[in-house]
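Have a look at the structure below before the remarks.
The values are calculated or read from the model by the stated rules, or taken from the named source; none is laboratory data. On a predicted model such as this, the values are computed, not experimentally measured, just so you know. Every residue, glycine as well, gets a Cβ built from its backbone with ideal geometry; the counts of neighbours run over all protein chains shown.
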């Protein structure tokens, strides 16, 4: 009971402080309670409008994704960085795509070409269904594998939604094929990569030396929340590895289109944005299109 109350308070604080709903906080709260109450009464899938003309098919099992319903964009800075950074025809890699929210932004909103990689079979089915729902199958290559340092088979959890992760010793998960990123890249080198693999980020980097050193790759969005310690790594180690590839950590203000260089990874959030060329990206962001998100243009 106490855990549920703490979770509720944490969620309401997150919504209250979210930049995109400051002018409509109580409507955002209404969406939050509507989602949780309606999905418990009758857990039917329902189609919810997302950004521009894109749509997401929600149900109770998609708690992580549903935050985008309450706040429009859950990872405000990073998702708007993607929207301002990418251009139609660019290539984006969504590693740990889950049901494809980031892919919808890249291919459904901007018009970029995406490689979406999701290892959990049931989640992969939802990813495919979202591509069909939004009629962007021609722009998205969905791959049902895990990404790591070596090729082989690994165990992964399958009942934790967006928090599914690679299991090192637990045999209760499901077995999936794992490949290093360099082995699946082909000729389509991305301009931007998003990595969200619940602590397995360092293993992804180990298997992608060629792609991360390629100058065509100009940006990385990566989750650094301390969970890499489960796999014998750390935020500091991952940060150092990315810097060795020639990237620099930044904080992005999408309202002002401002980029601030950081001395280390973003300690105030779960994700950190890395870029190669500060001056080039700064100019790129200023000249990017604006998008209507909720009631504001950003």
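A few notes on this one:
- Complete set of residues in the range 17-35 that are under 14 Å from residue 68 (Cα atoms) and either buried (at least 17 other Cβ atoms within 10 Å of the Cβ) or touching a residue at least 12 places away in the same chain (Cβ under 8 Å) (or both): 18, 19, 20, 21, 28, 29, 31, 32, 35
- Looking across the range 209-222 at every residue that is in a loop (DSSP other than H, G, I, E, B) and in contact (Cβ under 8 Å) with a residue 60 or more places away in the chain, the one that is surrounded by the most Cβ atoms within 10 Å (Cβ to Cβ) is identified as 218.
- You will find that of 230, 194, 125, 159, the residue that is assigned by TED's automatic domain parsing to the domain that holds residue 95 and in a loop (DSSP other than H, G, I, E, B) is 159 and no other.
- Residue among 270, 239 that is over 21 Å from residue 179 (Cβ atoms), at pLDDT below 95, in contact with a strand residue (DSSP E or B) (Cβ under 8 Å, 6 or more places away or on another chain) and not assigned by TED's automatic domain parsing to the domain that holds residue 19: 270
- For the range 131-142, the criterion of being touching a residue at least 12 places away in the same chain (Cβ under 8 Å), in a helix (DSSP H, G or I), out of contact with any strand residue (DSSP E or B) (no Cβ under 7 Å at 6 or more places or on another chain) and buried (at least 16 other Cβ atoms within 10 Å of the Cβ) is met by no residue.
- Considering residues of the range 256-298 that are touching a helix residue (DSSP H, G or I) at 6+ places or on another chain (Cβ under 7 Å) and assigned to a loop (DSSP other than H, G, I, E, B) only, the residue farthest from residue 221 (Cα to Cα): 294
- For the range 27-50, the condition holds for at least one residue, the condition being that it is assigned to a loop (DSSP other than H, G, I, E, B) and within 30 Å of residue 284 (Cβ to Cβ).
- Options 232, 186; residue that is farther than 26 Å from residue 282 by Cα, without any contact (Cβ under 8 Å) to a residue 12 or more places away in the chain, exposed (fewer than 14 other Cβ atoms within 10 Å of the Cβ) and in contact with a helix residue (DSSP H, G or I) (Cβ under 9 Å, 6 or more places away or on another chain): 232
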